[in-house]
1. Kindly indicate whether residue 130 is under 19 Å from the mean Cα position of the chain (by Cα) and among the hydroxyl-bearing types (Ser, Thr, Tyr).
2. Check the range 71-81 and report whether any residue there is touching a His at 6+ places or on another chain (Cβ under 8 Å) and of a type outside the set (S, T, N, Q).
3. Only one of 104, 146, 127 is in a helix (DSSP H, G or I), open to solvent by less than 20 Å² (accessible area, probe 1.4 Å) and modelled with pLDDT of 95 or more. Can you tell me which?
4. Among (1) more than 19 Å from residue 40 (Cβ to Cβ); (2) open to solvent by 40 Å² or more (accessible area, probe 1.4 Å); (3) among the hydrophobic types (A, V, I, L, M, F, W, C); (4) outside any helix (DSSP H, G or I), which single condition is residue 112 missing?
5. For the condition part of a helix (DSSP H, G or I) and closer than 26 Å to residue 118 by Cα, what is the one hit in 93, 67?
6. Restricting attention to the range 11-36, which residues are of a type outside the set (A, V, I, L, M) and at pLDDT 90 or above?
7. Is it the case, given these coordinates, that residue 71 is free of Cβ contacts under 8 Å to residues at least 24 places away in the same chain and on the phi > 0 side of the Ramachandran plot?
8. In the set 169, 156, which member is modelled with pLDDT of 95 or more and in a helix (DSSP H, G or I)?
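The values are calculated or read from the model by the stated rules, or taken from the named source; none is laboratory data. Note that the coordinates shown come from a computational prediction; the quantities given were computed from them, not determined experimentally. Don't worry about glycine lacking a Cβ; one is built from the backbone with ideal geometry, like all the others, and counts go over all protein chains shown. Calculation scope for accessible area: heavy atoms of the full protein, side chains included, ligands and nucleic acids excluded. Shrake-Rupley method; radii C 1.70, N 1.55, O 1.52, S 1.80 Å.
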Amino acid sequence: MTDNRGDAGRDLARIAIFAALIIALGMVTVPLPTGVPITGQTLGVMLAGTVLGPRRGPLAVLLVLVLAAVGLPVLAGGHGGIAVFVGPTAGYLIGWIAGAFMTGLIAHGGRISWWRTGTATVVGGIGVVYLFGIPVQAAVTGLGLGPTALSSLIFLPGDLLKAVAATVLTLALRRAYPPAFGVRARVRAA
């Protein structure tokens, strides 16, 4: 007989820990004239997907966004409130949910390896997030899609470094502490 309440409690704890990590990574920001700052929060989104998978990873991101929506200063630079969901960063924020899902789907689609995890962070953590963020930023700022996409290239080098960091951290965590991934240790009979 399994203890589903214990599993649910562990899942909630992992979701809360990764939500806190995403929030903490937003405390250091570099503001840009585009209205979308450089922040470490996308690293947290990537890690939520690679470690928690396609179900729990997006829930960690959603928790952060709910906290932001009720006005808590949990986003980059201490921002929060419903207004962030109608500004130039709105698409990126919504893209975090889809990005964490896709990152988790790819990373957990088979044995976790460096190439699977790296692919997951680039496709989900960068590509999917940009896919949501750039069109919304263009609509909010009134710029065309092309110029907005071009101006977003300033984020790409940093996002690629975050993808490398997320890959390295995920593989190190997998080796050091598999229960973080929801993997139970097998007990051998003596």
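1. In short, yes.
2. Yes.
3. Of 104, 146, 127, the one residue that is in a helix (DSSP H, G or I), open to solvent by less than 20 Å² (accessible area, probe 1.4 Å) and modelled with pLDDT of 95 or more is 104.
4. The one condition residue 112 does not meet is (2).
5. From the options 93, 67, the qualifying one is 93.
6. Residues satisfying the conditions are 11, 14, 18, 26.
7. For residue 71, the condition - free of Cβ contacts under 8 Å to residues at least 24 places away in the same chain and on the phi > 0 side of the Ramachandran plot - is met.
8. On inspection, the qualifying residue turns out to be 169.
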